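Only one structure is covered here, and it is reproduced in the block below.
The numbers here are math on the coordinates, done by the rules we state, and not lab data. Bear in mind that the values here come from a model prediction, so they are computed numbers and not experimental data. Cβ: placed from backbone, ideal geometry, glycine included. Neighbour counts: every protein chain shown.
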Amino acid sequence: MDSYLDIHLLPDPEFEEQQLMNALFSKLHRAIGATSPGQVGISFPGVAKRLGNHLRLHGTAQVLDKLMAQPWLQGMKDYCRISERQMVPSNVRYMAVRRVQAKSAHNKRQRSIRKGWLNAEEALTKIPDSRQRQLTLPYIEMKSLSNGNPMRVYIEHSSLRETPVTGLFNAYGLSATATIPWF
């Protein structure tokens with residue numbers, strides 16, 4: 001990961017920043033899957049309670065050029081400013097940017113029943129909806145490509161490290177182990 005490029009969302013009176021980031025991320029997700037699976041990492045340099053208006057793509061120069069040569073930003077170019085591809089600065093630290101999923105109480109009940117650990121009645125009493133963990137992480141909201149249902153992709157930026165960890169990224173540009181340069 002020697003290169004990066006930044007995409008900044010521009011203020012728009014008709015759309016909230018989060019709506020624009022959701023649309024941008026959905027398009028990026030499809031583009032990564034089609035052109036460079038496993039090779040592009042992402043980060044949100046302005047992350048706080050929300051992801052912010054700044055998306056950074058990380059990869060090799062060749063991979064980022066290939067991704068950006070595709071028309072995946074069609075329809076979004078009026079809403080964002082895209083930087084030129086640049087080299088990662090020399091003195092950086094590293095972090096993993098990963099997806100976090102909370103297991104729903106419904107899914108836990110179904111699994112317990114399927115595995116034979118509990119029957120349906122026991123599952124309802126032992127795993128109530130109130131036991132479901134609520135995530136407070138920032139997220140992207142998008143439609144599932146497999147079933148069309150709305151879904152949230154919760155995103156967590158890990159603590160900083162001094163050394164990089166190589167690995168593959170998923171089709172969202174996220175990884176639980178592989179790191180991206182943080183600067």
So what's the projected area for the range 8-95, the Cα convex hull averaged over all directions, in nm²?
-> 6.3 nm²
Short version: ³J(HN,Hα) in whole Hz for each residue of the range 87-99, in order, from phi by Karplus 6.51 cos²θ - 1.76 cosθ + 1.60 (θ = phi - 60°), x for Gly and Pro, what are they?
-> 7, 5, x, 6, 9, 10, 10, 9, 8, 8, 10, 10, 8
Between ALA176 and LEU135, what is the label-to-label distance in nm when each label sits 7 Å out along the Cα-to-Cβ direction?
-> 1.3 nm
Rounded to 0.05, the calculated FRET efficiency for the beta carbons of PHE183 and LYS77 at R₀ = 30 Å is 0.70
Integer Hz, Karplus 6.51/-1.76/1.60 couplings in order for the range 146-163, x for Gly and Pro = 7, 10, x, 6, x, 8, 10, 10, 7, 10, 10, 9, 6, 6, 6, 10, 7, 10
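Report the gain in length on full extension from VAL100 to ARG30: 0.36 nm times residue separation, minus Cα-Cα distance, nm rounded to one decimal. List each step's numbers first, then the result.
Numbers: separation 70, 0.36 × 70 = 25.20 nm, distance 1.96 nm.
Contour length minus Cα-Cα distance gives 23.2 nm.
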If unit charges are put on Cβ atoms (+1 for Lys and Arg, -1 for Asp and Glu) and the dipole of the chain is taken about its Cα centre, the option from SER26, ASN170, TYR94 lying farthest towards the positive end turns out to be ASN170
Residues in the range 108-147 near a label at GLN19, defined as backbone nitrogen under 20 Å from the 7 Å Cα→Cβ point?
-> 139-144
Rg/Rg_ref, the range 45-130, where Rg_ref = 2.2 N^0.38 Å and atoms are Cα = 1.85
Which whole-percent values make up P(r) of the range 99-183 when all C-alpha to C-alpha distances are grouped in 10 Å steps starting at zero?
-> 14, 32, 30, 19, 5, 0
Suppose R0 equals 25 Å; then what is the FRET efficiency for ASN91 and LEU10 from their Cβ-Cβ distance, rounded to the nearest 0.05?
-> 0.25
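Considering only lysines 8 or more places apart in sequence, or on different chains, count the pairs in the range 15-137 whose C-alpha atoms sit under 18 Å apart.
On the way: LYS27/LYS66; LYS27/LYS77; LYS66/LYS77; LYS103/LYS115; LYS103/LYS126; LYS108/LYS126; LYS115/LYS126.
Pairs that pass both the separation and distance tests number 7.
Mind listing which chymotrypsin sites (Phe, Trp or Tyr not before Pro) in the range 1-109 are in a DSSP loop and have 15 or fewer other Cβ atoms within 10 Å? Before the final figure, lay out the partial values.
On the way: sites: TYR4, PHE15, PHE25, TRP72, TYR79, TYR94; in loops: PHE15, TRP72.
Answer by residue number: PHE15.
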Where GluC sites (Glu not before Pro) fall in DSSP loop in the range 1-101, at most 14 other Cβ within 10 Å | GLU14, GLU16, GLU84
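Tell me the mean residue ellipticity at 222 nm calculated for the chain from its helices only (DSSP H runs of n ≥ 4, each -39500 (n - 2.57), averaged over every residue, nearest 500).
Numbers: 4 runs with 45 residues, N = 183.
After summing the helix terms and dividing by the residues of the chain, the value is -7500 deg cm²/dmol.
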For the chain, what D do you get in µm² per second when you plug the Kirkwood radius from alpha-carbon pairs into Stokes-Einstein at 20 °C and 1.002 mPa s?
-> 119 µm²/s
Test item: Cα-centred dipole of the chain, Lys/Arg +1 and Asp/Glu -1 on Cβ, debye = 860 debye
Distance from the Cα centre of the range 111-183 to that of the range 1-44, in angstrom?
-> 19 Å
For each of SER43, SER3, SER144, count neighbouring Cβ atoms within 10 Å of the residue's Cβ, then give the residues from fewest to most.
-> SER144, SER3, SER43
May I ask which residue of GLN62, ILE82, VAL40 lies farthest towards the positive end of the charge dipole of the chain, with charges of +1 (Lys, Arg) and -1 (Asp, Glu) on Cβ and the Cα centre as origin?
-> VAL40
